[in-house]
Amino acid sequence: MKVLLVMFMCSAIQGECLAPHQMPVLYSDYYSCLSAGYDEAIKKQKEIGKKETNKHQIFIRFHCRYLNET
């Protein structure tokens, strides 16, 4: 089975997250998906920057989901 990485950008101040974003790459196993999720979260947090992160208390969360192949 392939594994899909789904990411969310959230605000602790607002107490909500934007709509989930499905990443275009499918992974062959759960571990690879998790590793990519952490890497992508760090990349996105750096892209948002310190000022906006602190202002809106932005955080990135993600999960990996198995896809049923038919």
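What follows is calculated from the coordinates using simple rules that are stated; it is not laboratory data. The model shown is predicted, which means the values in this text are computed figures rather than measured ones. Don't worry about glycine lacking a Cβ; one is built from the backbone with ideal geometry, like all the others, and counts go over all protein chains shown.
Loop-only check: which GluC sites (Glu not before Pro) in region 20-70 are DSSP coil with at most 15 other Cβ within 10 angstrom? Mind dumping the intermediate values first?
Details: sites: 40, 47, 52, 69; in loops: 69.
Taking region 20-70 and a limit of 15 other Cβ atoms within 10 Å, the loop GluC sites (Glu not before Pro) found are 69.
Test of understanding: ordering 34, 67 by Cβ neighbours within 10 Å, fewest first, what list do you get? If you can, show how the numbers build up before the last one.
Values: 34 16, 67 11.
Listed from fewest to most nearby Cβ atoms, that is 67, 34.
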Among 14, 45, 22: highest mean-square fluctuation, GNM of the chain, C-alpha pairs under 10 Å:
14
Least to most buried among 17, 64, 33, by other C-beta atoms within 10 Å and fewest first, runs 17, 64, 33
The convex hull of the Cα atoms of the chain, divided by residue count, gives a volume in Å³ per residue of 81
Explain nothing, just the number: relative contact order of the chain, from Cα pairs under 8 Å at least 6 residues apart, as a whole percent.
50
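Taking 0.36 nm per residue of separation and subtracting the Cα-Cα distance, what length does fully extending residue 12 through residue 44 add?
Details: separation 32, 0.36 × 32 = 11.52 nm, distance 1.64 nm.
Length difference between fully extended and current span is 9.9 nm.
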So, in the chain, how many Lys pairs have Cα atoms under 24 Å apart, if the pair is 8 or more places apart or on different chains?
6
